[in-house]
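Okay, structure first, notes after.
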Amino acid sequence: MLIGVYPGTFDPITKGHLDIIGRASALCQKLIIGVYENSGKRPLFSVEDRVELIREAIVDFPNVQVKSFHGLVVNFVRSVGASVMFRGLRASSDFEREFGMTLLNKKLAPDVELVCLMASSQYQFLSSTLIKEFALLGGNLEDLVPAHVADALRGKVLTDFIRD
Ligand code: ADP
């Protein structure tokens with residue numbers, strides 16, 4: 001059975017991520033989305049919230065699960081019995097970052113293969129960072145994230161605004 005892992009920060013999950021999830025899950029028997037607990041990106045959403053937002057977004061994918069993890073991604077890949085790691089590549093700077101990380105990961109775990117899927121054209125410029133800026137400015141998020149994620153973002157922006 002081919003088990004794949006799709007790791008990331010997912011702060012929050014976007015339709016660009018979901019596009020990769022749909023395509024990657026069609027290539028393996030089981031896909032596990034791995035959410036970094038200790039992301040260097042200082043996420044807006046807690047790891048529990050990021051996992052929950054993903055869980056709601058993947059209800060229509062029967063062979064997809066979500067789990068959080070800390071430490072090295074290759075250790076997580078091994079711990080769930082997976083042999084393939086999926087990443088999405090956008091036209092901008094994703095390639096160089098992936099290439100650097102892959103060289104390191106290959107040293108640590110030569111048996112784990114990386115599969116990069118090209119971002120679909122309509123999501124090339126979509127990132128979680130852009131989404132958060134958009135939400136702050138009151139932009140329309142409906143085409144870019146699932147409805148429950150748009151709600152969570154609006155709630156977050158509002159509470160942060162009130163707190164400040
Ligand atoms: P990370 O901190 O690991 O980059 P992200 O949540 O930003 O976590 O991204 C997780 C993965 O999804 C990465 O491989 C990233 O390149 C990919 N990705 C992010 N946005 C998109 C998108 N719009 N289309 C395709 N892939 C994407």
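None of the figures in this text is laboratory data; all of them are computed from the coordinates on show. Just so it is clear, the model here is predicted, and its values are computed rather than measured. Neighbour counts run over all protein chains shown; Cβ positions are idealised from the backbone, glycine included.
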Original post:
From the residues in the stretch 141-157 that are free of Cβ contacts under 8 Å to residues at least 40 places away in the same chain, touching a helix residue (DSSP H, G or I) at 6+ places or on another chain (Cβ under 8 Å) and of a type outside the set (A, V, I, L, M), which one is farthest from F45 (Cα to Cα)?
Top reply: E142
Subject >> Every pair of residues 6+ apart whose Cβ atoms lie under 6 Å, when the first sits in the stretch 118-133 and is under 14 Å from A150 (Cβ atoms) while the second is near the ligand (Cβ under 9 Å from one of its atoms) and acidic (D, E) >> reply: S128/D11
**OP:** Kindly provide the set of residues from the stretch 1-53 that are polar (S, T, N, Q), within 15 Å of M85 (Cα to Cα) and out of contact with any Phe, Trp or Tyr (no Cβ under 9 Å at 6 or more places or on another chain), ordered by number.
**Re:** Q29
Original post:
Restricting the stretch 22-42 to residues that are within 14 Å of the chain's Cα centre (by Cα) and near the ligand (Cβ under 9 Å from one of its atoms), which is farthest from K67 (Cα to Cα)?
Top reply: K41
